[in-house]
Every structure is written in C-alpha cells, then in structure tokens.
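Q: If you scroll down you'll find the structure; I have some questions about it.
The values are calculated or read from the model by the stated rules, or taken from the named source; none is laboratory data. Computed from a predicted model, the values in this text were never measured in an experiment. Positions of Cβ are backbone-derived with ideal geometry, glycine not excepted, and every protein chain shown enters the neighbour counts.
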Amino acid sequence: MGVRTSAVLEHLDEDVRRFVLARRFAAVAAALLGVPRVRLYHDQSLCKGPGFGRTPWHQDQDYWPLDTDRTVTMWMPMVPVPQEAGGMRFASGSHRLGSLCGSGISRDGDRSLSEEIERRGLPVTSYGTLEPGDATFHTGWTVHSAGRNHTDELRTVMTVIYFADGARVTEPTPQQELDRQAWLGGREPGALADHELNPVLCGSVR
C-alpha cells in the first residue's frame, strides 16, 4: 500500500509545523536556487508500503501553476531508506531541459521520459541508503522516479516544496487547478503567490 498525504500538514501538528517551516531547510533551498528568499509551496508525506510499486518517471513542475522554475523539493526519509525500499533516482542534467513530457505521473509519461533519458544519454543517479535526516533536493524540472519497495518495512518520507519569493500564479492547466486551489489559496492568475499558506522562509544554514 502506498500513501500520499497533502493536507497542509504543518497546520495539523506543532512538531510537523516546526519541521516544515525550519529556517535551515529553507536556507539550503534558497542557496540551491540562487535566490535570497523562498516561500513554502506545500509539504507532503510519502509512505510506500512493502511491495508497493515503482513511481514512474515524472517532472514535478508540470503540476505547479507558477511563473518561475526556481522551485525545489526536499525529500527527507524518516526511517532508513535503502535503495531497495523505494529510493529515488534522478536523470542528471534533466533540470536544464525544461518540460520534456507535460503529462504528469502516468504510464505514458513514464514511457516518454524513459525514451528521452535514453535518447539524450542522461546519466541516472541514485545515492544508496539514506538515513533519517539525510535529504536530497531536486528542482521542478528534474526527471525523477522511485523504485518498488522490496522490503518488509514502510518507507516513510517527508517532502517540503519551495519556490522563489516574487513568483506569480499562472493560468492553470486542468492538472494544475487543484494545486492552485489547495496550495496557493485560490490566487488568481497573474497575482503574486503570497497567500498565508505560502509564507516567506529564509535563514542561515549554520
């Protein structure tokens, strides 16, 4: 069984709130994006049960109605995650190529992106076992997937998504409309993405 929750978790639990709004994480995100400040897009827990299947290749940016590609996701396990438990894989260099498919997470998208990875000769990178508190960061256009959970343990991960302060909401595609309503407070196209759900986060990495 796989479980994906996206219920603005930081509003439900004080410990989760401190985690999601942590200045240290936000500062790393800002440094990676080369911007002075980031805003929270949303947090998400990703739980992949024993035997649950592979997550297809996809690009997160396809779901986000924002006028910037200065976006990044932190992926942090809450338990040890060996590669065989559903670890992440990244198509290195794909973040520079923009939209390569546009279909979101789907069987067709997986096939199309697999063909692009092969055609362009993009190296596929993974980082072995991640311990609780380790993290990977990937930008919105980075093509990535996660393997099947071949273990008997629940793979529990928290993700936090950040975007550059100053971004505006774009006219959403049908698959982006849910995000516009849920994570951008229903801000209209052209408006600053500055809803109270998207606080400015910045700080020192020290």
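Q: Checking GLU118 against (1) at positive phi; (2) at pLDDT 95 or above, which single condition isn't satisfied?
A: The failed condition is (1).
Q: Pairs please, first residue from segment 16-27 and in contact (Cβ under 8 Å) with a residue 40 or more places away in the chain, second anywhere and of a type in the set (Val, Ile, Thr) and surrounded by fewer than 18 Cβ atoms within 10 Å (Cβ to Cβ), Cβ atoms under 6 Å, 6+ apart in sequence or on different chains.
A: As it stands, the answer is ALA27/VAL205, since those pairs meet every condition given.
Q: On to the next question. Go through the residues of segment 20-34 one by one and say whether even a single one is among the β-branched types (Val, Ile, Thr), in a strand (DSSP E or B), modelled with pLDDT of 95 or more and buried (at least 16 other Cβ atoms within 10 Å of the Cβ).
A: Taking every residue of segment 20-34 in turn, none turns out to be among the β-branched types (Val, Ile, Thr), in a strand (DSSP E or B), modelled with pLDDT of 95 or more and buried (at least 16 other Cβ atoms within 10 Å of the Cβ).
Q: Which numbered condition in (1) at pLDDT below 95; (2) farther than 30 Å from VAL16 by Cα; (3) in contact with a Pro (Cβ under 9 Å, 6 or more places away or on another chain) is the only one that ILE105 fails?
A: Against the list (1) at pLDDT below 95; (2) farther than 30 Å from VAL16 by Cα; (3) in contact with a Pro (Cβ under 9 Å, 6 or more places away or on another chain), ILE105 comes up short only on (2).
Q: Does any residue of segment 113-132 turn out to be touching a His at 6+ places or on another chain (Cβ under 9 Å), surrounded by 15 or more Cβ atoms within 10 Å (Cβ to Cβ), closer than 15 Å to PRO56 by Cα and not aromatic (Phe, Trp, Tyr)?
A: Yes: one or more hits.
Q: From GLY186, GLY147, grab the single residue that is in contact with a helix residue (DSSP H, G or I) (Cβ under 9 Å, 6 or more places away or on another chain), exposed (fewer than 14 other Cβ atoms within 10 Å of the Cβ) and either more than 27 Å from ARG24 (Cα to Cα) or polar (S, T, N, Q) (or both).
A: Selected residue: GLY186, the only one of GLY186, GLY147 that is in contact with a helix residue (DSSP H, G or I) (Cβ under 9 Å, 6 or more places away or on another chain), exposed (fewer than 14 other Cβ atoms within 10 Å of the Cβ) and either more than 27 Å from ARG24 (Cα to Cα) or polar (S, T, N, Q) (or both).
Q: Consider segment 110-137. How many of its residues are touching a residue at least 40 places away in the same chain (Cβ under 8 Å) and part of a loop (DSSP other than H, G, I, E, B)?
A: Adding up the residues that qualify gives 9.
Q: Every residue in segment 73-93 that is touching a Leu at 6+ places or on another chain (Cβ under 6 Å) and touching a residue at least 40 places away in the same chain (Cβ under 8 Å), please.
A: Passing the criteria: PRO77, VAL81, ALA91.
Q: Check whether at least one residue in segment 146-163 is of a type in the set (Gly, Ala, Ser), within 15 Å of the chain's Cα centre (by Cα) and under 27 Å from VAL79 (Cα atoms), and report yes or no.
A: Among the residues of segment 146-163, at least one is of a type in the set (Gly, Ala, Ser), within 15 Å of the chain's Cα centre (by Cα) and under 27 Å from VAL79 (Cα atoms), which makes the answer yes.
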